[in-house]
Amino acid sequence: MINDTPPEMTEPGIDDDAEAVRREAGAGESSRASRGWWDRNADEYLLEHGAFLGDARFTWCPEGLDEAEARLLGDHAALRGARVLEIGAGAAQCSRWLADQGALPVALDLSHRMLQHARRIDEQSARTPVPLVEADATVLPFADASFDLACSAYGAVPFAADTARLMREVHRVLKPGARWVFSVTHPIRWAFPDEPGVEGLTATTSYFDRTPYVEQDESGAAVYVEHHRTLGDRVRELALAGFRLIDLVEPEWPEGLTSEWGGWSPLRGRRLPGTAVFVCVRD
């Protein structure tokens with residue numbers, strides 16, 4: 001659990017000197033890289049994207065698909081009193097929205113700094129604090145069948161080397177019939193440069209190349225790792241873990257959204273899917 005004094009926002013500090021390569025990265029290296037990257041960059045990330053994310057908004061993706069309208073979690077009336085696990089919660093924005101619906105969320109993240117910001121937001125807004133847990137999503141510190149629902153908005157899944165294990169862990173802590181809904185970068189985007197302009201419209205990499213994207217320091221140690229799975233890989237992992245896929249949502253770029261977010265932009269968003277949201281049920 002997190003009980004540190006909430007931090008002040010500090011000046012951004014990103015890994016400008018990191019070298020981008022494609023190479024293998026195992027579970028331990030990926031987990032260490034993700035924890036370090038998000039701890040170092042949490043401040044800048046929230047300074048840049050905090051207004052879009054809000055403090056108590058549940059948005060699935062840079063396309064701005066909100067759970068308030070999408071209802072991918074199911075009947076919102078059923079959220080009241082439901083125990084919900086948010087995986088890769090960041091500053092727990094989605095968990096606060098869930099709490100406002102009457103749910104009982106637990107926000108889990110690998111990054112201590114992100115969870116410090118979650119506590120800061122709660123205290124600054126005089127809210128009842130969201131329960132926070134610092135842990136790796138592939139080793140969930142909860143008993144079997146502890147939750148009625150699990151969700152993740154761009155959290156944990158793209159950064160885990162062993163996503164098959166992650167899916168099994170989520171299955172383990174969910175009750176039978178519970179939903180598991182998560183959003184990730186759409187797999188087709190792996191084939192295109194992560195650029196918002198015209199240079200991002202030409203495929204330069206094989207969609208079928210699962211070699212991780214790694215940013216490494218001068219010593220060769222990974223400081224950021226992202227793993228690719230095809231759509232078929234994701235479906236098979238879910239099925240083998242004991243989930244049934246009931247919907248696959250590919251949000252379209254909405255009219256009126258002009259902002260860019262990394263490689264997401266109106267230009268690319270009207271031509272290529274940027275996000276995939278998997279809606280699953282535990283058998």
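The values are calculated or read from the model by the stated rules, or taken from the named source; none is laboratory data. If you're wondering where the values come from, they're calculated on a predicted model, not measured in any experiment. Glycine also receives a Cβ, built like all others from the backbone with ideal geometry; neighbour counts cover every protein chain displayed.
So Asp55 fits all but one of (1) under 17 Å from Pro251 (Cα atoms); (2) surrounded by 15 or more Cβ atoms within 10 Å (Cβ to Cβ); what number is the exception? Unmet for Asp55, out of (1) under 17 Å from Pro251 (Cα atoms); (2) surrounded by 15 or more Cβ atoms within 10 Å (Cβ to Cβ): (1). Annotation: of all residues in region 71-92 being touching a residue at least 60 places away in the same chain (Cβ under 8 Å) and assigned to a loop (DSSP other than H, G, I, E, B), the one that is surrounded by the fewest Cβ atoms within 10 Å (Cβ to Cβ) is Gly74. For region 61-70, taking the residues that are crowded, with 19+ Cβ neighbours inside 10 Å and of a type outside the set (Asp, Glu), the one that is farthest from Pro176 (Cα to Cα) is identified as Pro62. Working only within region 80-98, note down all residues that are among the aliphatic types (A, V, I, L, M) and farther than 20 Å from Phe142 by Cα. Once the filter is applied, which keeps residues that are among the aliphatic types (A, V, I, L, M) and farther than 20 Å from Phe142 by Cα, region 80-98 yields only Ala91. When Arg119, Arg113, Arg80, Arg96 are checked against the criterion of being out of contact with any Ser or Thr (no Cβ under 9 Å at 6 or more places or on another chain), farther than 28 Å from Asp162 by Cα and not β-branched (Val, Ile, Thr), Arg80 stands alone in meeting it. Looking at (1) without any contact (Cβ under 8 Å) to a residue 40 or more places away in the chain; (2) surrounded by fewer than 18 Cβ atoms within 10 Å (Cβ to Cβ); (3) out of contact with any Pro (no Cβ under 6 Å at 6 or more places or on another chain), which is the only condition Asn41 fails? If we test Asn41 against (1) without any contact (Cβ under 8 Å) to a residue 40 or more places away in the chain; (2) surrounded by fewer than 18 Cβ atoms within 10 Å (Cβ to Cβ); (3) out of contact with any Pro (no Cβ under 6 Å at 6 or more places or on another chain), just (2) comes out false.
A search for C-beta distances below 9 Å between a residue of region 187-206 that is without any contact (Cβ under 8 Å) to a residue 40 or more places away in the chain and any residue that is of a type in the set (Asp, Glu), counting only pairs 6+ apart in sequence or on different chains, returns Trp190/Asp209; Ala191/Asp209. With the condition kept exactly as written, say whether any residue in region 117-126 is at pLDDT below 95 and not aliphatic (A, V, I, L, M). Yes. Scanning region 181-235 for residues that are surrounded by 17 or more Cβ atoms within 10 Å (Cβ to Cβ), within 14 Å of Ala276 (Cβ to Cβ) and not polar (S, T, N, Q) returns Val181, Phe182, Val184, His186, Pro187, Arg189, Trp190, His228, Arg229, Arg234. Among the residues of region 105-139, the one identified as under 16 Å from the mean Cα position of the chain (by Cα), in a helix (DSSP H, G or I) and surrounded by fewer than 20 Cβ atoms within 10 Å (Cβ to Cβ) is His112.
Residues in region 93-104 that are out of contact with any Asp or Glu (no Cβ under 9 Å at 6 or more places or on another chain) and assigned to a helix (DSSP H, G or I): Ala99, Asp100. In contact with a Pro (Cβ under 9 Å, 6 or more places away or on another chain) and either closer than 25 Å to His171 by Cβ or outside any helix (DSSP H, G or I) (or both), is that true of Glu63? Considered against the rule, which asks whether it is in contact with a Pro (Cβ under 9 Å, 6 or more places away or on another chain) and either closer than 25 Å to His171 by Cβ or outside any helix (DSSP H, G or I) (or both), Glu63 comes out as yes. Being in contact with a Gly (Cβ under 9 Å, 6 or more places away or on another chain) and either surrounded by fewer than 20 Cβ atoms within 10 Å (Cβ to Cβ) or not aromatic (Phe, Trp, Tyr) (or both): is that true of Glu255 here? Criteria not met by Glu255. Checking the structure you have, find out if any residue of region 213-229 is free of Cβ contacts under 8 Å to residues at least 60 places away in the same chain, out of contact with any helix residue (DSSP H, G or I) (no Cβ under 6 Å at 6 or more places or on another chain) and closer than 24 Å to Asp66 by Cα. Within region 213-229, not a single residue is free of Cβ contacts under 8 Å to residues at least 60 places away in the same chain, out of contact with any helix residue (DSSP H, G or I) (no Cβ under 6 Å at 6 or more places or on another chain) and closer than 24 Å to Asp66 by Cα.
Just a yes or no: is a residue in region 141-154 touching a Lys or Arg at 6+ places or on another chain (Cβ under 9 Å), assigned to a helix (DSSP H, G or I) and at pLDDT 95 or above? No, region 141-154 has no match at all.
Restricting Thr202, Thr211, Thr275, Thr258 to those that are among the β-branched types (Val, Ile, Thr) and in contact with a Cys (Cβ under 9 Å, 6 or more places away or on another chain) reduces the list to Thr275.
Any idea how many residues of region 155-172 are charged (D, E, K, R) and in a loop (DSSP other than H, G, I, E, B)?
Our first condition is that a residue be charged (D, E, K, R); within region 155-172, this holds for 162, 165, 168-169, 172.
The next check asks that each one be in a loop (DSSP other than H, G, I, E, B); those that pass are 162.
Residues flagged as charged (D, E, K, R) and in a loop (DSSP other than H, G, I, E, B) within region 155-172 amount to 1.
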